[in-house]
Amino acid sequence: GNSVTQMEGPVTLSEEAFLTINCTYTATGYPSLFWYVQYPGEGLQLLLKATKADDKGSNKGFEATYRKETTSFHLEKGSVQVSDSAVYFCALTPEGNQFYFGTGTSLTVIP
Amino acid sequence: NAGVMQNPRHLVRRRGQEARLRCSPMKGHSHVYWYRQLPEEGLKFMVYLQKENIIDESGMPKERFSAEFPKEGPSILRIQQVVRGDSAAYFCASSRASGRMDTQYFGPGTRLTVL
C-alpha cells in the first residue's frame, strides 16, 4: 500500500539552527513526493516537490532529495527563522488521484 | 490570480443537522479533491471529482456523506445528520490535471464543529 511516516514532533529550535524533519514512505510504483506547510488556522501550502529519484526540491531555503534506495524525502533547512514556525506535512501521490499524507511535524522556532 | 476558495471558513452545526461545504477550484482547474483533517492528524483523502463526475470516492464514509461538482458552480461536500465525530477541518484541493506530476493546491479549509 501507500503510506508516509514522518518524524514525530513537536520540534523546538532556536533561530538560525539547522532543521531536519525525517520522512520515509512506502508506495506502489514511482510516486511523486511533496512537502506542504500549514500555518495556524490556514490551509496547506506547497513548499517543494520532487517527481523522480535523485531529484532535489527546493524553496525558501528548504530542500529535500528524493532517495529511492532509502525511500526517504527528508526536509532540511540550514538556518531556521521564527517565521518558519508551522506544521510540516510530507506527502506522496503514486498516480495523482489522491495524496497520502504523514501526520505532520510541528516546528516552533524561538528567538 | 485567486487560489482555491472555500466557504464557509467556520461552520457550527447541532447534531442531526446538515452541513454543506463549498469549494471553488483555481481558475483553469477541473479536478477537485476533498480531504478531512482530524485534530492532531494528517489529511485523509475522501473523494476526487471532475466536472459532473465522481472519479474516486474510496475515502468517503458510506453513509451521510456525498459530494458533487456540477457543470456550473462550486463543488459541494454535504454531510447529513451530522454527529460529533464529524467535527474536523475539511480541505478542498484542485489541480489542472490528475497525473503524478500535477500538484494539488489547497484551500484554507472549513472548520466544522458539531455541538
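Values in this text are rule-based calculations from the coordinates and carry no lab data. What you see is a predicted model; the values in this text were computed from it and never measured. Methodologically, a virtual Cβ is constructed for each residue, glycine included, from the backbone with ideal geometry; neighbour enumeration extends over all protein chains shown.
A few notes on this one:
- Each other residue within a Cβ distance under 14 Å of B:M46 adds +1 if Lys or Arg and -1 if Asp or Glu, for a net charge of -1.
- Reachable lysines from A:K49, criterion Cα separation under 16 angstrom, eight or more residues apart if same chain: A:K60, A:K68, A:K77
- When only Cα pairs below 8 angstrom with a gap of at least 6 residues are kept, region A:27-102 shows a relative contact order of 32 percent.
- For region B:11-90 versus region A:10-58, the gap between their alpha-carbon centres in whole angstrom: 25
- Stokes-Einstein, applied to the Kirkwood radius of the protein assembly as shown over Cα pairs at a viscosity of 1.306 mPa s and 10 °C, places its translational diffusion at 88 µm² s⁻¹.
- Cα gyration tensor category, rounded, prolate or oblate, for chain A with a/c compared to 1.5: prolate
- Contact order normalised by residue count of chain B, Cα under 8 Å, 6+ apart, percent: 36
- Farthest towards the positive end of the charge dipole of the protein assembly as shown, among the residues B:N53, A:Q38, B:S30, is the Cα of B:N53, using unit charges on the Cβ of Lys, Arg, Asp and Glu.
- Three-way shape call for region B:1-102 based on the alpha-carbon gyration tensor, with the a/c threshold at 1.5: prolate
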